1. How many of the residues making up segment 34-49 are part of a helix (DSSP H, G or I), among the basic types (Lys, Arg) and more than 18 Å from Val127 (Cβ to Cβ)?
2. Determine the pairs where a residue that is under 12 Å from Lys257 (Cβ atoms), located within segment 212-224, has a partner that is in a helix (DSSP H, G or I) and not aliphatic (A, V, I, L, M) with Cβ atoms under 7 Å apart, the partner being 6 or more residues away or on another chain.
3. Looking only at residues in segment 230-243 that are modelled with pLDDT of 95 or more and crowded, with 17+ Cβ neighbours inside 10 Å, which one is farthest from the chain's Cα centre (by Cα)?
4. Looking at (1) buried (at least 17 other Cβ atoms within 10 Å of the Cβ); (2) over 24 Å from Leu27 (Cβ atoms), which is the only condition Lys257 fails?
5. Within segment 244-272, can you find the residues that are within 22 Å of the chain's Cα centre (by Cα) and more than 27 Å from Met1 (Cβ to Cβ)?
6. Looking at (1) assigned to a strand (DSSP E or B); (2) farther than 12 Å from Ile136 by Cβ; (3) of a type in the set (A, V, I, L, M), which is the only condition Leu24 fails?
7. For segment 46-66, enumerate the residues that are within 22 Å of Ser235 (Cα to Cα) and of a type in the set (Ser, Thr, Tyr).
Amino acid sequence: MIHSMTGFGKAVIQLENKKISIELKSLNSKNLDLNARMPNQYREKELILRNTIAKALTRGKIDFTLYTEITGENSSSSINAPVVKKYMQELNEISSVSEAALLEMAIRLPDTLKTEREEIDAAEFKVIENLLSEAITEIINYRKTEGEVLENDFTLRIASIRTLLEKVIAIDPERIENVKTRLQKGVAELKEKYDENRFEQELVYYIEKFDITEEKVRLANHLDYFNENLVSNDSNGKKLGFISQEIGREINTIGSKSNYAPMQQLVVQMKDELEKIKEQLLNVL
């Protein structure tokens, strides 16, 4: 079963004095591209959190955000009184406003608030790890649901290419006869005598150059192989991408050898379906 690289997961918990939220957003990318945002006091644990995310999500452009909101009376921020007083003294020397106005101006200036660094205890970090696990589970489920949509689309388009291939196979004898007729007509218009046996030999040789038997067989095999990997236990978008390239190679060869307008029209339709598959494969994990 395939998984999409697009997903979203969120988990929130309310502690005694703070609320902690974790969000994970994922988009398609060739490799793992992880961007982490979190308060400074959690940076010492960033590598552990990154490794957990990388192991679980494998690929994608992932945004990881950890929010905290103080909800209790305790706060790590306080007014830096000496700095505020110093600002008020200097402002008083250059202005004649009230003390309340001086305080209002001073409190807006840099370094008027001081924040004490909070250390993360083991219990709180365990809570964060559990919260991250919840968010990862949610984003994986999201990716799985999106993957089911993609899988259904791929199945329909591969079936469409197979139907078009069957039409190619059906008109192939007609194509060969058409080529023979055109060659015979061309020779007849020359109004020159020729060795019919030699002409037949040359005709067979010429027709063999346009034979697409091997391409038809290989294309059918590639379509089967694509479907097998589509429903395998592992989601492997890169492998499906390689198979789609092989499918495209056979379709292109059939088109170059066809030399017959009705068959070329079928080839164009197959290319259109394959192009849509390739576009969607960019989102597969």
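1. Going through segment 34-49, the residues part of a helix (DSSP H, G or I) turn out to be 40-49.
Those left that are additionally among the basic types (Lys, Arg): 43, 45.
Restricting the remaining residues to those that are more than 18 Å from Val127 (Cβ to Cβ) gives none.
Count: 0.
2. Sorted first by the residue in segment 212-224, then by its partner, the pairs are Ile212/Asp172; Ile212/Lys257; Glu215/Glu250; Glu215/Thr253.
3. Looking at the filtered set, the residue picked out is Ile243.
4. (1)
5. Let us first name the residues in segment 244-272 that are within 22 Å of the chain's Cα centre (by Cα), namely 244-248, 271-272.
Selection gives Lys271 alone.
6. (2)
7. First, pick out the residues of segment 46-66 that are within 22 Å of Ser235 (Cα to Cα): 50-63.
Within segment 46-66, Thr52, Thr58 qualify.
Yes/no matrix, rows are residues, columns are (1) at pLDDT below 95; (2) touching a Ser or Thr at 6+ places or on another chain (Cβ under 7 Å); (3) polar (S, T, N, Q); (4) outside any helix (DSSP H, G or I):
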| position | (1), (2), (3), (4) |
| --- | --- |
| Ile207 | yes, no, no, no |
| Gln245 | no, no, yes, no |
| Glu250 | no, no, no, no |
| Asp272 | no, no, no, no |
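The values are calculated or read from the model by the stated rules, or taken from the named source; none is laboratory data. This one's a predicted model, so the numbers in the text were calculated from it and none came from an experiment. Because the Cβ atoms are built from the backbone with ideal geometry, glycine has one as well, and the counts that use them run over all protein chains shown.
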